[in-house]
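The values are calculated or read from the model by the stated rules, or taken from the named source; none is laboratory data. Keep in mind the model is a prediction, meaning the values are calculated, not measured. Virtual Cβ from ideal backbone geometry, glycine too; neighbours counted across all protein chains shown. When the accessible area is computed, the model is the full protein with side chains, heavy atoms only, and any ligands, DNA or RNA have been set aside. Shrake-Rupley method; radii C 1.70, N 1.55, O 1.52, S 1.80 Å.
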Amino acid sequence: VHSTGNEASPLPNGERELVVAHTSDLHLGGRVHRGGPLDALQAVLEAAAETHSDVLLLVGDVFDSHRASASVVEGAVEMLVEAGIPVIILPGNHDPLTPDAVYRRAAFAEADVHVLGLHSDGSVLLAELELEISGVPHLTYADMSPLALRRDRTAKWRVVVAHGHWHRGSEDSHRGWLIPDHELAAIDADYIALGHWDVPQPAGDGSVAAYYSGSPELARTINIARIGADRVDVSRHPLRLAHPAR
Ligand SMILES: [Mn+2]
């Protein structure tokens, strides 16, 4: 019942813009949620439909752990399949692609939900959109480099997803999964969708459109990146969450 995004406005030059919905850190199955366990995901999917998004990116820590209950996992998969748009998941540090990963359960096996690293080497091409989505999945709980990927694009549009900690300065050097400015700047992408932080904000030195979405429950928004021929517009779209703000 959700829009497929075909109603998005054409740009002045006649070329249709690409609308990318981006969120992260839902921590489904965790114990800190207010309201129902899938309320935040429901609100995210409604926001993606309202904005006529072409694709939805869930950039890590979608699940709080691999101990998530069957009802939460199966319910989430059902909702994602019914979303009516491609959904791309990047495994994060809470939900890495370990042998017991939630993404290896039966619920995901047949579902049309793309998990980077599980169904691909970390890149997926959505041919009808001329869009490549690339990211380095967390495979273990250990430190890794979230932007250790191919720098150049292979499609007209390229969005990179990464789950880690933006390296703002020496005070961050002790942290794991670091994302330094020079790595952000070296990547040829129209938009870099970041996860791991609860708070929505831009990252990097401004030379590339790199943004954290924040978590749905704290930000109470998702990011919408509208990618056109010569500009990227990034905005925050409000979520309809029943519970009051923290
Ligand atoms: Mn994380």
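Taking 0.36 nm per residue of sequence separation and removing the Cα-Cα distance, the residue 112/residue 142 pair yields an extension gain of 7.9 nm.
Note: relative contact order over the chain, using C-alpha pairs below 8 Å and six or more positions apart, is 21 percent.
Take the Cα of residue 152, step 7 Å toward its Cβ, do the same at residue 46, and the gap between the two points is 4.6 nm.
The residues of the chain present an accessible area of 43 Å² per residue when probed at 1.4 Å with all protein chains retained. What residue among 103, 212, 141 shows peak mean-square fluctuation when the chain is described by a Gaussian network model with Cα springs under 10 Å? Of the options given, 141 has the highest mean-square fluctuation. Counting only protein chain heavy atoms and rolling a 1.4 Å probe, the accessible areas of 174, 52, 243 rank, largest first, as 174, 52, 243. Count Lys and Arg as plus one, Asp and Glu as minus one, and take only other residues whose Cβ is under 15 Å from that of residue 100; the net charge is then +1.
In this simple spin-label model, placing a label point 7 Å from the Cα along the Cα-to-Cβ direction at both residue 69 and residue 98 gives a separation of 2.2 nm.
Carbon-plus-sulfur accessible fraction, region 33-131 (probe radius 1.4 Å, protein heavy atoms only): 50%. For the chain, the gyration tensor built on C-alpha atoms gives a rounded shape. Its axis ratio a/c (a ≥ b ≥ c) stays under 1.5.
Averaging the sequence gap over all C-alpha pairs within less than 8 Å and six or more residues apart, then dividing by the number of residues, gives region 133-246 a relative contact order of 18 percent.
If you take all other residues with their beta carbon under 11 Å from the beta carbon of residue 168, and give Lys and Arg +1 and Asp and Glu -1, the sum is -3.
For region 32-142, DSSP calls about 40 percent of its internal beta bridges antiparallel.
Diffusion coefficient (Stokes-Einstein, Kirkwood radius over C-alpha pairs, 4 °C, 1.567 mPa s) for region 23-137: 91 µm²/s, rounded to a whole number. Share of carbon and sulfur in the accessible area of region 184-246 stands at 48%, probe radius 1.4 Å.
When only Cα pairs below 8 angstrom with a gap of at least 6 residues are kept, region 101-167 shows a relative contact order of 26 percent.
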